[in-house]
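I have placed the structure first, in the form of structure tokens, so that the comments after it can refer back to it.
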Amino acid sequence: MKPTIIAYYLPQFYPFKENDEWWGPGFTEWTNVGRAKPLWKGHQQPRVPADLGYYDLRLPDVREKQAQLACEAGVTAFCYWHYWFGNGRRLLERVFDEVLESGKPDFPFCLGWANHSWYAKAWDKTLGKDKLLIQQTYPGEEDARMHFKFLLKAFNDPRYLKIDGKPFFLIYEGMSVPSTYIDNFRKWAKQEGFPDLYLVTSTTEFFKDKNEFLKMGFDAVTYIRQSTLWTEDYMKMNIFQKYTSRVIRVIKQFVTGIPRGARDYAKIYKRLVTPVEYDPDVIPQIVPQWDHSPRSGDKANVIFYNSQPKYFAENVKDALNAIKDKPKEKQIIILKSWNEWGEGNYMEPDFDHGKGFIEALRTTLDTYGDAL
């Protein structure tokens, strides 16, 4: 029995009204991906999609092909990012609504509530501040009921991923959600005949104990580690080491052109799964590659260079080791991500690696997954 592999899925690849207003007609995530530039000699940019091309997610055929590739990779389900800003305000809703209404692709899914405000980021803070585009709000019980009514349609779909009969629902910023929302969601799910919800939250706060999240009503937590590696190192330094490290990083960027946030994936993938991920209530994440520069240029806080399928396979192996002694229902791994092209964080084929990451995941699962 292989583990449950849940892949984050970004529905950003089609034009819609708000993006047209904020960024110009026709803007999609491909706009940033296509205009990305290499920041140093050997930097792998721009990333060019291969098999699926610069796709438009309004096309059902594209979504079918994505599901076929995910199945080929050994992915169990897509976790569609879902945006609910309060009082029924949603964005990027078209893709999932069509998946839900059409019954296609016939591929398991769940929802991740991306409960954060949207900003136009000023990556160079000397030039200005971030501009708020749309704010995340929690208006109260009426909003929670409206939200749950929408979620219930998804939960009742036979494709919806369930853990011991409980719909799997992820909340991106769990600590931001009022406890009444969590309590009510659970209560209403039981009233609808489910044994409960399987609620998961993600966090970049690596220093927080998982029990802080469990006390809030979550069943599990998943730590976003790729964006906190530098912070973890920095917090362990004394004052002199911190000063020296900052100076060295600035000089290194000036001399080589390689941004301070760039790290060799071959050296850091081992840090993406820690002893904490061996806990049954912690879900490990696997990260094939990461490069934020299409969005933020040389101000990118995280770039993984030397990301290769063979190293990703080792990352997968580490995650499998972390879950092998957990109860079967908790042998879950989150794949971050299926198609976050704007963050260089994707599994889909490109012209540099082809299906390399897909094949690495499938081969590693076939080799080690059955031993669980």
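The values are calculated or read from the model by the stated rules, or taken from the named source; none is laboratory data. All of these numbers come straight from a predicted model, not from anything done at the bench. Cβ: placed from backbone, ideal geometry, glycine included. Neighbour counts: every protein chain shown. Each accessible area value is taken on the protein alone, full model and side chains, heavy atoms only, with ligands, DNA and RNA left out. Shrake-Rupley method; radii C 1.70, N 1.55, O 1.52, S 1.80 Å.
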Legend entry - Other-chain or far-sequence residues with amide H under 5 Å of TRP81's (modelled H): TYR9, GLY112
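Quick one: compute the contact order of the chain, relative version, from alpha carbon pairs under 8 angstrom and 6+ residues apart, as a percent.
Working: 666 pairs, mean separation 77.2, N = 372.
About 21 percent, as a whole number.
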Legend entry - Cα gyration tensor shape of region 222-372, rounded if a/c is under 1.5, else prolate or oblate by comparing a/b with b/c: oblate
Inset, instruction - Using DSSP, restrict attention to beta bridges with both residues in the chain and report what percent are antiparallel, rounded to the nearest 5. - result: 30
Inset, instruction - Give the cross-link partners of LYS129 among the lysines, using a straight C-alpha distance below 20 Å as the criterion and excluding same-chain residues fewer than 8 apart. - result: LYS121, LYS299
Inset, instruction - Kindly identify region 1-123 as rounded, prolate or oblate by the Cα gyration tensor criterion: order the square roots of the eigenvalues as a ≥ b ≥ c, call it rounded if a/c is under 1.5, otherwise compare a/b with b/c, prolate if a/b is larger, else oblate. - result: oblate
Legend entry - Integer Hz, Karplus 6.51/-1.76/1.60 couplings in order for region 28-37, x for Gly and Pro: 9, 4, 5, 4, 5, 4, x, 9, 4, 10
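With +1 on each Lys and Arg Cβ and -1 on each Asp and Glu Cβ, and nothing else charged, work out how big the dipole of the chain is about its Cα centre, in Debye to the nearest 20.
Numbers: 51 positive and 49 negative charges, 231 e Å.
Result for the chain is approximately 1100 debye, rounded to the nearest 20.
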Inset, instruction - Would you calculate the separation in nanometres between label points at PHE16 and THR31, each defined as 7 Å from the Cα along the Cα-to-beta-carbon direction? - result: 1.5
Inset, instruction - Quote the accessible area belonging to TYR305 in square angstrom, nearest 10, computed with a 1.4 Å probe and with ligands, DNA and RNA left uncounted. - result: 80
Inset, instruction - Quick one: order HIS353, HIS82 from most to least accessible surface, probe 1.4 Å. - result: HIS353, HIS82
Legend entry - Global geometry of region 136-191, whether rounded, prolate or oblate, following the gyration tensor of its Cα atoms and the 1.5 cut on a/c: prolate
Legend entry - Correct option for Kirkwood radius over Cα pairs in Å [calculated from the coordinates] among [x] 22.2; [y] 25.1; [z] 21.5: [z]
Legend entry - Qualifying aspartates and glutamates (Cα of each under 19 Å from Cα of LYS210; at least 8 residues distant if same chain): GLU173, ASP183, ASP219, GLU232, GLU277, ASP279, ASP281, ASP325, GLU329
Legend entry - Length-normalised contact order for region 51-188 - Cα pairs under 8 Å, 6+ apart - percent: 25
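Using packing as a proxy for protection, rank 209-221, 310-322 so that the peptide with the highest average count of other Cβ atoms within 10 Å comes first.
Averaged packing, sorted descending, gives the order 310-322, 209-221.
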Inset, instruction - Would you mind checking which residues have amide H under 5 Å from GLY86's amide H? H placed 1.01 Å from N; only 5 or more apart, or other chain. - result: THR137
Legend entry - Mean ellipticity per residue at 222 nm, deg cm²/dmol - from DSSP H runs of n ≥ 4 across the chain, formula -39500 (n - 2.57): -10500 deg cm²/dmol
